[in-house]
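Step one of this worksheet: look at the structure below.
The values are calculated or read from the model by the stated rules, or taken from the named source; none is laboratory data. All figures in this text were calculated on a predicted structure; none of them were measured in a lab. As a convention, Cβ positions derive from the backbone with ideal geometry for all residues, glycine included, and neighbour counts pool all protein chains shown. The area values use the complete protein model at the heavy-atom level, side chains included, leaving out ligands, DNA and RNA. Shrake-Rupley method; radii C 1.70, N 1.55, O 1.52, S 1.80 Å.
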Amino acid sequence: MKSWKSSRNPADEKPDPVNEREKLIGLGKRSISKSYYPELKNRLDELEQFRALLDRVNDAIFVVDADTGITLDISGSTATMLGCDAEMLVGKSFKSVLPEHIQRYAANLFHNETKTLSLETSFSQPEFPDKPPVPVELTIQLVTFQGSRRAIIVARDISERKINEERLKKSHAQLEIRVRERTRELNRANQAKSEFLAIVSHELRTPLTSILGFAKINRKKLVNKIFPFVTPDAPPHVHKEMERVKRNLDIITSEGNRLTALINDVLDLAKLEANKVEFNFAPINPQEFIHRSVEATASLFKESNLALLLELEPNLPTVNGDLDRLIQVMVNLISNGVKFTPRGSLTCRARRLDNNVRISITDTGIGMPQSTLDTIFEKFTQVQEGSSDRPRGTGLGLSICRHIINGHRGHIWAESHPDKGSKFIFTLPIADSRK
């Protein structure tokens, strides 16, 4: 009986990579030599493990010949990112995956003085040219390996970031549109408000003038023409009614004057906000409008028993200003100081500071909290609004002062502490600095 022999040719057997590697390093059963290299095996295992881990990272990694631009190796998520096998990338020019406007300058990426280069670009997909490119962030590191220059390129997919940036950009654009629309609405509303206040103020001024005029006339006639005929022995209630009538007429006059001041302030502010006030600029010595303002408010100091101190630097430079409007600012600031200073003094100082004249009104009054300083120049804002014994005012004076000083290209602000007085300061450019 013949023994059966296999007709299979050993040459047809496909070699096992692991066995082949072991034969080469002397570990297999049919090794060429019996020299054992366990350390070499460990290192090879570590390299294979490292490569396996490297292929699992989210970034695409290219090894490119820096002189020729040919891709030598890929790892990481390169194949997934570009939607193709390694065979389509290795051995091909790296610039083939770059957009056309970058391809022309691809050689510059590998020939620059900077060893590390970062940029944002995009990758095309070789097998799917119609698909949109993948936005990536590239980091290119140039190294020398065995005498050859290599470029290690790490590409990170930033599609999600680009989507978020685009969404944020659209949101900003929509927000800007809404802000512009809202600003237009507020401007229209503010203009309508100003026009309404101006019209109402004009309509109120005429009858108010008549009311004040007749109140003064009636009081004068009562006191001079009628009351003298009331005999001293008249009933007591008659004399009481006479005093009451005089007092009522005085109240009408006082409140009418206060309302007139409010109307004038509203009209002034409406014109200033609408830029309808024309300033009559002319060279002015600051001492001129300061002294005239002091004269205009002299009666306030007599009534309040406060002292007014002047500390004016000699030979102050001239400023370009509207004399009447600057007097209006000074009178307003001095009047405010008197209102909120029960005792003590007010000090007016003026000196040159660089290209400006700096003028301040300092009082020893009740002062203001720091939180008030941010809003004190807003319309209808008054100090200590909760105080019942606070001097009454329109709350428009400081806002008018700010508009006037801004119209003179100056600045105005306040410094204060509760119970330590307040200081209002404004600056005006000297005449030469405005040219």
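Screening SER335, SER371, SER360 for residues that are of a type outside the set (A, V, I, L, M), modelled with pLDDT of 95 or more and within 17 Å of LEU398 (Cα to Cα) leaves exactly one candidate, SER360. Would you be able to say whether some residue in region 100-108 is within 40 Å of the chain's Cα centre (by Cα), open to solvent by less than 70 Å² (accessible area, probe 1.4 Å) and at pLDDT below 80? Yes: one or more hits. Sub-9 Å Cβ pairs linking a first residue in region 107-118 that is closer than 12 Å to ALA66 by Cα to a second residue that is at pLDDT 80 or above and basic (Lys, Arg), at least 6 apart or interchain, are ALA107/LYS95; LEU109/LYS95; PHE110/ARG149, ordered by first then second residue.
Results for (1) loosely packed, with under 10 Cβ neighbours inside 10 Å; (2) assigned to a helix (DSSP H, G or I); (3) of a type in the set (Phe, Trp, Tyr), shown as yes or no for each residue.
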site	(1), (2), (3)
LYS131	no, no, no
LEU138	no, no, no
LEU142	no, no, no
ARG161	no, yes, no
GLN191	no, yes, no
ILE217	no, yes, no
PHE227	no, yes, yes
GLU241	no, yes, no
ARG244	no, yes, no
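Only a single criterion out of (1) open to solvent by 60 Å² or more (accessible area, probe 1.4 Å); (2) within 18 Å of ALA60 (Cα to Cα); (3) modelled with pLDDT of 85 or more is not satisfied by GLU166, namely (2). The condition (being under 30 Å from ALA270 (Cα atoms) and either acidic (Asp, Glu) or open to solvent by less than 40 Å² (accessible area, probe 1.4 Å) (or both)) is satisfied by just one residue among LEU346, LEU333, LEU306, LEU300: LEU333.
Quick one: is ALA282 closer than 30 Å to LEU323 by Cα, open to solvent by less than 60 Å² (accessible area, probe 1.4 Å) and touching a residue at least 40 places away in the same chain (Cβ under 8 Å)? So ALA282 fits the description; yes. Is region 190-205 home to any residue that is under 47 Å from the mean Cα position of the chain (by Cα), among the polar types (S, T, N, Q) and farther than 17 Å from LEU262 by Cβ? So far as region 190-205 goes, yes, one or more of its residues are under 47 Å from the mean Cα position of the chain (by Cα), among the polar types (S, T, N, Q) and farther than 17 Å from LEU262 by Cβ. Starting from residues that are in contact with a Pro (Cβ under 9 Å, 6 or more places away or on another chain) and in a helix (DSSP H, G or I), keep the ones in region 71-99 and report whichever is surrounded by the most Cβ atoms within 10 Å (Cβ to Cβ). Filtering region 71-99 for residues that are in contact with a Pro (Cβ under 9 Å, 6 or more places away or on another chain) and in a helix (DSSP H, G or I), the one surrounded by the most Cβ atoms within 10 Å (Cβ to Cβ) comes out as VAL97. The set of residues in region 394-420 being among the hydrophobic types (A, V, I, L, M, F, W, C) and part of a helix (DSSP H, G or I) consists of LEU398, ILE400, CYS401, ILE404, ILE405. Exactly one residue out of THR121, THR114, THR68 is at pLDDT 85 or above and in a loop (DSSP other than H, G, I, E, B), and it is THR68. Within region 350-367, identify whether any single residue is surrounded by 14 or more Cβ atoms within 10 Å (Cβ to Cβ) and touching a His at 6+ places or on another chain (Cβ under 9 Å), and answer yes or no. Yes - at least one qualifying residue is present in region 350-367.
Can you pull out every residue in region 123-150 that is free of Cβ contacts under 8 Å to residues at least 24 places away in the same chain and within 21 Å of ALA79 (Cβ to Cβ)? Within region 123-150, PRO129, ASP130, PRO132, GLU137, LEU138, THR139 qualify.
For region 47-65, a tally of residues being open to solvent by 20 Å² or more (accessible area, probe 1.4 Å), at pLDDT 80 or above and more than 14 Å from VAL134 (Cβ to Cβ) returns 3. Of the numbered criteria (1) open to solvent by 60 Å² or more (accessible area, probe 1.4 Å); (2) under 21 Å from ARG325 (Cα atoms), the one THR260 fails is (1).
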